[in-house]
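What follows is a set of notes on a single structure, which appears directly below.
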Amino acid sequence: MRNESTKSITRIAALMALTTIMTMIIQIPTIGTNGYLNLGDMVVFIAAMMLGKKGGFLVGGLGSAMADLLLGYTHYAPITFLVKGFEGYIAGALLETKLGQSKPIFATSIGGIWMALGYYMAEIFMYGGAAALASVPGNLMQGMLGAVTAVILYVALKKTRIA
C-alpha cells in the first residue's frame, strides 16, 4: 500500500510540474485581454483521466497557480488555484460516470467550460462585467484546446500502456 501511495504522489508531483511548464512555455497571446492560451489545461485533463478528481484538483490548482506565481500574475494565483483545481475535479468526477468513460471529450469540455465561467465570475469583481466578458471567448478556446488535445494524447498514451 505504501508503494501505491508513493507512486500516486510522484505522478501528482510530476504532472503539477508539467502543468506549470506547459502553462509558462507555450503561450499564444489573446487579443484584447492581455492574457494567453496555453497547454496547461491539457495536462490538468490528463491528470483527471489518470488520477481521478483528487489528482485533477491538485494538479490543476497547484500546478496552474505556481505558473501564475512564477510569471508575475500573483493576483491571479488564488483564483487560479480554485478555478483550475475545480476544472480538474469536475472533469475527474465526470470521467467516473458512464457518459464520461464512453465520451471523455464531454467530461473535459465541461471542465473547460467551468474554467471560463470561473474566471469570468472572478474577473467581474476585478475588472467589471464588460471586461470580464471579453475574456470568455479566449478562455473557452483554451479550455477546448486543452480538452481535445488531452483526449487525443490520453488515447495514444493508453495504447502505449503509459497511462
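The table below lists the values:
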read-out: From phi via Karplus (6.51, -1.76, 1.60), per-residue ³J(HN,Hα) for region 87-97 in Hz, x at Gly/Pro; value: 4, x, 5, 4, 4, x, 5, 5, 5, 7, 8
read-out: [x] 2.04; [y] 0.99; [z] 1.06, with the label sought being that of the calculated Cα Rg over 2.2 N^0.38 Å; value: [y]
read-out: From phi via Karplus (6.51, -1.76, 1.60), per-residue ³J(HN,Hα) for region 119-134 in Hz, x at Gly/Pro; value: 5, 4, 4, 5, 6, 4, 6, 7, 10, x, x, 5, 5, 5, 5, 5
read-out: Highest to lowest packing among 69-75, 39-45, 134-140, 57-63, scored as the average C-beta count within 10 Å; value: 39-45, 57-63, 134-140, 69-75
read-out: Most to least packed among 7-15, 124-132, 83-91 [average Cβ atoms within 10 Å]; value: 83-91, 7-15, 124-132
read-out: Cα-based Lys proximity count in the chain, under 18 Å, for pairs eight or more positions apart or on separate chains; value: 9
read-out: Long-range HN-HN contacts of residue 36 with modeled amide H, under 5 Å; value: 30
read-out: Surrounding net charge for residue 80, when Lys and Arg each add one and Asp and Glu each subtract one, Cβ distance under 15 Å; value: -3
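Every number here is computed from the coordinates shown, using simple stated rules; none is lab data. Note that the structure is predicted; figures quoted are calculated from it, not measured. We place every Cβ from the backbone using ideal geometry, glycine too, and count neighbours over all the protein chains shown.
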